[in-house]
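Below is one structure, written out as structure tokens; comments come after it.
The values are calculated or read from the model by the stated rules, or taken from the named source; none is laboratory data. Remember, it's a predicted structure, so these values are computed and weren't measured experimentally. Please note: Cβ atoms are built from the backbone with ideal geometry, for glycine as well, and neighbour counts cover all protein chains shown. Calculation scope for accessible area: heavy atoms of the full protein, side chains included, ligands and nucleic acids excluded. Shrake-Rupley method; radii C 1.70, N 1.55, O 1.52, S 1.80 Å.
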Amino acid sequence: MKKVITYGTYDLLHYGHIRLLERAKELGDYLIVGVTADAFDRARGKINVKQTLMERIEAVKALGIADEIIVEEYEGQKIDDIQRFGVDIFTVGSDWVGKFDYLKEYCQVVYLDRTEGVSSTELRAKNSLTRLGFIGNAPFRDKIINECRFVNGVEVVPPSDLPIEDLMEKVDAVFILSHPSEHYQHVKYALEHGKHVMVESPVAIGAQQAQELFQLANEKGLVLMESIKTAYALAYSRLLLLVKGGRIGNVVSVDVTCTSLREQTEPVARPWSSLCAWGPTALLPIFQILGTDYKEKHIVQRRSETDASFDLFTKIDFRYDKAVAALKVGKGVKSEGELIVSGTKGYIYVPAPWWKTDYFEIRYENAEENRRFFYQLDGEGIRYELVAFVKNIETRKIMHYLSEEVSIAIAGIMEDGQGDAVQLI
Ligand code: CTP
């Protein structure tokens, strides 16, 4: 019996896939189809797959062409599979010509002509196209625009000097990158005009304002998301799951630092101070691990000598029922940007710069039990948050990388950081 094997994602199954599978089957007597797992697709840069692994498997199965379906989970698996199943022929479409010649050592390799004029990428883009405009010109705007190239279904409306009223006519969604003091007004304006919103953190300055904006978005059936790229990074979300799963016991302390020196490109008139620039990112692990129901907090700031409204450095201490947290943020002050989550069994250590997390360690008293975790992070996480935004717009099912509750609590701290209770040094 001649065994044939082929692999693919098979997202939004189309005519090109079917033709390929039919011809693959004709090459032998028994066809094995490898469907790629989400994590593997993501690792090789396919971040936009619309259907889940189960849906894709079901679709291939329903064709009745495959004799056996397997899941492709890791790099190098093809060699393993070929040997394990005693495969005679490996086949894929001609878009891969040459790429799998290394398998010739193990079996025959056949490239079949790819069907012209159809691909999952095109179908994904056609099904939905979100025209995305930008409000505000924070220095990292170009980085975000560049990352949009990796996300299917987003068409960037290039930034111009158009008044905001005219921009509203050209877009379905906006990415707000104005100064935090303008966020409330910009988010509200966009929502009132029926546009989905991604806003650079914080959503607003003040919990009440943030709450009002989320309520408005919910009433209008629009997506309102806060952009903190760390929240969408795979390593960071896996870290949270490990903590919630009890791997370090009960959490007793979260210590987090984020700092940077001031950039040349910064708008001189309205610079982002330590709390504006870094507060939301630093608050993220605190609120996501310990919750927002802290009992007490204490804020200490060092303000600029030339501009008393500009905080160069902020330290906040939180006391919870059975835990504490401390954050240090600096803009124009530099420190080690690490994250440490201490528990009753062990601790998690994320080296600087922790907010671009692709690596972390769980450390125990007995060092032999230590574990290291690495997850690829592309585009600093920006492309993942764009994918989440587009997915939420399409499905209106909000995936909560960052809950409203956390966003509202962050907005609250931003206001407190400007209040009278702040102790100055
Ligand atoms: N294929 C084909 N003709 C097409 C599209 C895909 O023969 N028009 C083949 C591919 O060469 C591959 C298999 O179908 O052997 C599965 O491809 P997959 O990557 O899942 O499909 P694409 O449509 O190419 O997906 P994407 O656009 O995401 O790359």
inquiry  = If each DSSP helix of 4+ residues adds -39,500 (n - 2.57) and the sum is divided by the residues in the chain, what number results at 222 nm, nearest 500 deg cm²/dmol?
reply    = -10000 deg cm²/dmol
ask   = Angle, helix 404-416 long axis vs. longest principal axis of the chain, Cα atoms, 0 to 90°, nearest 10?
value = 30 degrees
inquiry  = Take the residue pairs Lys170/Lys391; Lys50/Lys356; Lys244/Lys322; Lys315/Lys345; Lys322/Lys345; Lys2/Lys61 and return only those whose Cα atoms are more than 18 Å apart.
reply    = Lys170/Lys391; Lys50/Lys356; Lys315/Lys345; Lys2/Lys61
task = Compute the Cα gyration tensor for the stretch 117-223, then decide on rounded, prolate or oblate, letting a ≥ b ≥ c be the square roots of its eigenvalues: rounded whenever a/c is under 1.5, prolate when a/b is larger than b/c in the other cases, and oblate in all that remain.
result = prolate
remark   = Whole-Å distance linking the alpha carbon centroid of the stretch 117-158 with that of the stretch 24-78 is 27 Å
request  = Can you tell me the 0 to 90 degree angle between the C-alpha axis of helix 53-63 and the longest principal axis of the chain, rounded to 10?
outcome  = 20 degrees
query = How big is the chain on each of its three principal axes, counting only the C-alpha atoms and giving the largest first in Å?
reply = 80, 62, 39
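With Cβ to Cβ distances under 13 Å as the rule, what net charge do the other residues near Val60 carry (K, R +1; D, E -1)? Show your work: numbers first, answer last.
Working: positive: Lys25, Arg56, Lys61; negative: Asp11, Glu22, Glu55, Glu58, Asp67, Glu68, Glu72.
Within the 13 Å Cβ shell, the charges total -4.
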message = If you fit an axis through the alpha-carbon atoms of helix 15-26 and take the longest principal axis of the Cα set of the chain, what angle between them do you get, 0 to 90°, nearest 10?
response = 40 degrees
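Say R0 is 56 Å: what FRET efficiency, to the nearest 0.05, do Asp38 and Leu424 get from their beta-carbon distance? Spell out each step's value before the answer.
On the way: r = 49 Å, r/R0 = 0.88.
Working from the Cβ atoms, E equals 0.70.
Add +1 for every Lys or Arg and -1 for every Asp or Glu among the other residues with Cβ under 11 Å from the Cβ of Pro280, and state the total.
On the way: positive: Lys229; negative: Glu200, Glu226.
For residues surrounding Pro280, the net value is -1.
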inquiry  = With a 1.4 Å probe and all protein chains kept in place, how do Lys25, Lys126 rank by accessible area, largest first?
reply    = Lys126, Lys25
query = Applying 1/(1 + (r/R0)^6) with R0 = 30 Å to the Cβ-Cβ distance of Glu305 and Glu415, what FRET efficiency is obtained, to the nearest 0.05?
reply = 0.80
remark   = Partner aspartates and glutamates whose C-alpha sits under 12 Å from that of Lys143, ignoring same-chain residues fewer than 8 away, are Glu380
key: Antiparallel content of DSSP bridges confined to the chain, in %, to 5   = 45 percent
